[in-house]
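> Take a look at the following structure, please.
The values are calculated or read from the model by the stated rules, or taken from the named source; none is laboratory data. All figures in this text were calculated on a predicted structure; none of them were measured in a lab. Ideal geometry is used to build each Cβ from the backbone, glycine not excepted, and the neighbour counts take in all protein chains shown.
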Amino acid sequence: MIVRRPHLSNNFMVKGNSIHWTIEFAVPGGGLIMPKILLIEDNEMNMDMLSRRLERKGYCVVTAHDGEEGHLMAHSESPDIILMDISLPVMDGWEVTRLLKANEATRHIPIIALTAHALVTDRAKAFEVGCDDYDTKPVEFGRLSEKIENLLLVRKSS
Ligand code: MN
């Protein structure tokens, strides 16, 4: 079992005009592992596309297909960050977020809510239930990536 230290090491790589980030966790023994993302999404196509792109960036990705499974996996997998679809079977993303943020064991895990509607009310609700950030679907991968990196780096410096 890998025990994570509470800080990250991060590296910048400049390729052409763009900056590429890699964010890695230092682990006892001197190795580095990539952060683990729990993706909770019931749409097979979105799940597939997003998990592949995240893996290509080097993240370790674990997936859940409904709210209840996602809730259990947030406990069993100890992810570094959660991408939470809101419209989910069994238990919706609002409810899962409320439960995780009310629990001492999971409240530190950053959660990004993903909703299909660009509604102002959804955005307000995301922060009200305790989400750390919010984005709309269809996902614009570059923008979502930045939000993920920002939250991982906030954790590093806290
Ligand atoms: Mn959904």
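One line per residue, one yes/no per condition, for (1) buried (at least 22 other Cβ atoms within 10 Å of the Cβ); (2) among the hydrophobic types (A, V, I, L, M, F, W, C); (3) in a strand (DSSP E or B):
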site: Val61; (1), (2), (3): no, yes, yes
site: Ser78; (1), (2), (3): no, no, no
site: Glu95; (1), (2), (3): no, no, no
site: Arg98; (1), (2), (3): no, no, no
site: Ala113; (1), (2), (3): yes, yes, yes
site: Arg123; (1), (2), (3): no, no, no
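> Residue under question is Met45, and the condition is that it be within 16 Å of the ligand (Cβ to nearest atom) and assigned to a helix (DSSP H, G or I); does it hold?
So Met45 passes the test.
> May I ask you to verify whether Ile148 is buried (at least 16 other Cβ atoms within 10 Å of the Cβ), among the hydrophobic types (A, V, I, L, M, F, W, C) and closer than 21 Å to Asn43 by Cβ?
Answer is yes for this residue.
> Across the stretch 48-69, what is the number of residues that are hydroxyl-bearing (Ser, Thr, Tyr) and within 14 Å of the ligand (Cβ to nearest atom)?
Count: 1.
> Is one or more of the residues making up the stretch 127-134 under 19 Å from Leu54 (Cα atoms), surrounded by 15 or more Cβ atoms within 10 Å (Cβ to Cβ) and in contact (Cβ under 8 Å) with a residue 60 or more places away in the chain?
Within the stretch 127-134 (the criterion being under 19 Å from Leu54 (Cα atoms), surrounded by 15 or more Cβ atoms within 10 Å (Cβ to Cβ) and in contact (Cβ under 8 Å) with a residue 60 or more places away in the chain), the answer is no, since none of the residues qualifies.
> Related question: Answer yes if at least one residue in the stretch 117-126 is acidic (Asp, Glu) and either within 27 Å of Glu55 (Cβ to Cβ) or in contact (Cβ under 8 Å) with a residue 12 or more places away in the chain (or both), and no otherwise.
Yes, some residue in the stretch 117-126 is acidic (Asp, Glu) and either within 27 Å of Glu55 (Cβ to Cβ) or in contact (Cβ under 8 Å) with a residue 12 or more places away in the chain (or both).
> Looking at the stretch 100-111, which of its residues are part of a loop (DSSP other than H, G, I, E, B) and in contact with a helix residue (DSSP H, G or I) (Cβ under 6 Å, 6 or more places away or on another chain)?
Once the filter is applied, which keeps residues that are part of a loop (DSSP other than H, G, I, E, B) and in contact with a helix residue (DSSP H, G or I) (Cβ under 6 Å, 6 or more places away or on another chain), the stretch 100-111 yields Thr106, Arg107, Pro110.
> Kindly indicate whether any position in the stretch 81-93 is under 16 Å from Val61 (Cα atoms) and either surrounded by fewer than 16 Cβ atoms within 10 Å (Cβ to Cβ) or not hydrophobic (A, V, I, L, M, F, W, C) (or both).
yes
> Quick one: Tyr134 ticks every box in (1) in contact with a Ser or Thr (Cβ under 7 Å, 6 or more places away or on another chain); (2) within 16 Å of the ligand (Cβ to nearest atom); (3) modelled with pLDDT under 95 except a single one, so which number is it?
Unmet for Tyr134, out of (1) in contact with a Ser or Thr (Cβ under 7 Å, 6 or more places away or on another chain); (2) within 16 Å of the ligand (Cβ to nearest atom); (3) modelled with pLDDT under 95: (1).
> For the stretch 70-113, what are the residues that are within 13 Å of the ligand (Cβ to nearest atom) and of a type in the set (Asp, Glu)?
Across the stretch 70-113, the qualifying residues are Asp85, Asp92.
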